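Here is the structure we will look at, set down as structure tokens.
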Amino acid sequence: MAKDFRKYLVEASRHEMFGRFFKELQIGLKIVASFQASATHASEPAETLDDMEAYTKWEVSLRQVNKPITVVHIGAWTHLQNQDWAKSFDKPEFQNCVTAEFLSVEEAQKCFDAVIEYAMANDQLDSEDDIRVVEPDENLKKAGGCGGCASKKKTEPATAK
């Protein structure tokens, strides 16, 4: 089991009307997880608390950096959707993520563990230590990755004829 997901959470913003938002967690090259709890999220209690241990239910979203997470055979959701914790997730209309409301701490942790396991099994994450806390508007496509096969090709210098 991975470290408690709540230990990774870093507050990004807090507002009386809009609640609190935590930064996202980039798990490997492709998957980004969002764990949220405040007065404006689907969490219990529906309050903005400073003690993360006081929440019994969380709002959780998963998305991919490069493609919608639900794209068959490309999206990670193909491999994650049959797990017990995944039954609560829906794909919101016009979004590229899957979201669950009121996920228990245990279910949220199982989700976190499964995503880490998936990323490691698919060579997208070397270890849990490589999980990154990211800003909501950070360009993640430049945050990592192999650069593609084309980046490995060495071109010969042009010669004059």
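The values are calculated or read from the model by the stated rules, or taken from the named source; none is laboratory data. Everything quoted here is computed from the prediction, not taken from an experiment. Backbone-built Cβ (ideal geometry, glycine too); neighbour counts: all protein chains shown. Surface accessibility is based on the protein's heavy atoms, side chains included, excluding ligands, DNA and RNA. Shrake-Rupley method; radii C 1.70, N 1.55, O 1.52, S 1.80 Å.
Placing pseudo-labels 7 Å out from each Cα toward the beta carbon at M1 and N96 gives an inter-label distance of 3.3 nm. Between amide H atoms placed 1.01 Å from N, distances below 5 Å from K57 occur with E44, all of them 5 or more places distant or on a separate chain. Taking Cα atoms, how many degrees apart are the long axis of helix 105-121 and the longest axis of the chain, rounded to 10 and kept between 0 and 90? With both axes taken from Cα atoms, the answer is about 10 degrees. Using Cα centres only, tell me the gap between region 121-135 and region 42-118 in whole Å. So the separation of the two Cα centres works out to 17 Å.
As a ratio to 2.2 N^0.38 Å, the alpha-carbon radius of gyration for the chain is 1.19.
Qualifying GluC sites (Glu not before Pro) in region 78-125, where qualification requires a DSSP coil assignment and no more than 16 other C-beta atoms within 10 Å, comprise E93. Remark: the chain carries 61 Å² of accessible area per residue (probe radius 1.4 Å; ligands, DNA and RNA excluded). Extension gain, A12-E47: 0.36 nm per intervening residue step, less the Cα-Cα distance, totals 10.9 nm. In summary, the aspartates and glutamates within cross-link reach of K91, defined as a Cα separation below 12 angstrom excluding same-chain residues under 8 places away, comprise E101.
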